[in-house]
Structures are given as C-alpha cells and as structure tokens.
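Asker: Sharing a structure below in structure tokens format, with a few things to ask.
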Amino acid sequence: VSDEALDILGKLDTRLQANPKDAEALVARSKELKELGQLTLALADARAALAIDDKSADAHFEAAGDLDRLNRQAEALSHARIATELDPKDPEKWFYLGVLERQRANFPAAIESQTRSIEISESFVALSEREQCERRIGKISEADADLRRIRDLPAKHQ
C-alpha cells in the first residue's frame, strides 16, 4: 500500500471520526478501498453511505463497482441503474451501466447506455464498447460508423 493511499485513508478516517454520518467520506473511502482490492470493506462503506443517503448516485455507483468485482452482477446492475437515474448527466455512470449490460449479453440495452454516455461526453471507450455491441447483434453499418469515429477522435478523447 502506497504512502499516498494510507494518507488518503487516514484523512477519510479522521473525517468519519468527526462525523460518522458523512456519506461523502464513506463513498470516497469505498473508492480507495476498492482500488486497494479490499472489496468487502469497500462494499461495506458504500452500503453505509446508502444507509445515510439512499439518493446518493455516487454511493450507488461505488456499490455497483464493488458488487461487480465480487461477481454479484445482478445486484451491481441494479445499483448502476439507480446511479444513472439519480445522476443522468454523468457519462461515466452510463458507460459503466452499458458495460454491465454487455456482460449480461443485453446488447441493445448496452448500446442504449453507451449512446447516452456518448451524447453527454464522447469518449473512445464508450464508442468502442458500443461498436463491439453493435457487431454482436449484426448492426454492422452502425459499428463501422463508430469505428470510423474512433479513428477520427482527437487524442484527448482516447
């Protein structure tokens, strides 16, 4: 564990000691713990944040990521959907929902989610995900158009 990660966790722990109901700090700590591979602890923090504020899109998003990595995709998908409902303008949340839908072979839903992500903020990864899903269901002309767009993207989007 890096000194930086320990420092971040220490600061978050201090915030939580001062205010145990700081949902934002719990979400941030969940994210840090996930990055350290401490998925069970990360999920516990995400759930604690949701117990405080069940309308926290970020807490639902973190819970989705934790559950996905714990191979609990159905629960992950549910939290990812709620995260996009609560924060419909976040392209990252739509992208991740699309990834989860693709993993479940729901390619039309994955394409729709990636399209929402792209409409908010075009990115290489969302275009690539959508292109792959389009190919899986035979939408070759749409996939080819996405592939051309990927090649035309400025470097900052890749």
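Asker: Restricting attention to the stretch 115-158, which residues are among the aliphatic types (A, V, I, L, M) and part of a helix (DSSP H, G or I)?
Answerer: I118, I120, V125, A126, L127, I140, A143, A145, L147, I150, A155
Asker: Sticking with this one: Select from the stretch 140-158 the residues that are within 17 Å of S117 (Cβ to Cβ) and among the basic types (K, R) and write down the one among them that is modelled with the lowest pLDDT.
Answerer: So the residue we want is K156.
Asker: Here is a follow-up. Say whether the condition of being under 21 Å from L39 (Cβ atoms), aliphatic (A, V, I, L, M) and at pLDDT 95 or above is met by at least one residue in the stretch 102-113.
Answerer: There is no residue in the stretch 102-113 that is under 21 Å from L39 (Cβ atoms), aliphatic (A, V, I, L, M) and at pLDDT 95 or above.
Asker: Return the residues of the stretch 26-57 that are over 22 Å from D7 (Cα atoms) and acidic (D, E); say none if nothing qualifies.
Answerer: D53, D54
The values are calculated or read from the model by the stated rules, or taken from the named source; none is laboratory data. This is a predicted model, so every value here is computed, not measured. FYI the Cβ positions are ideal-geometry reconstructions off the backbone, even for glycines, and counts take in every protein chain you see.
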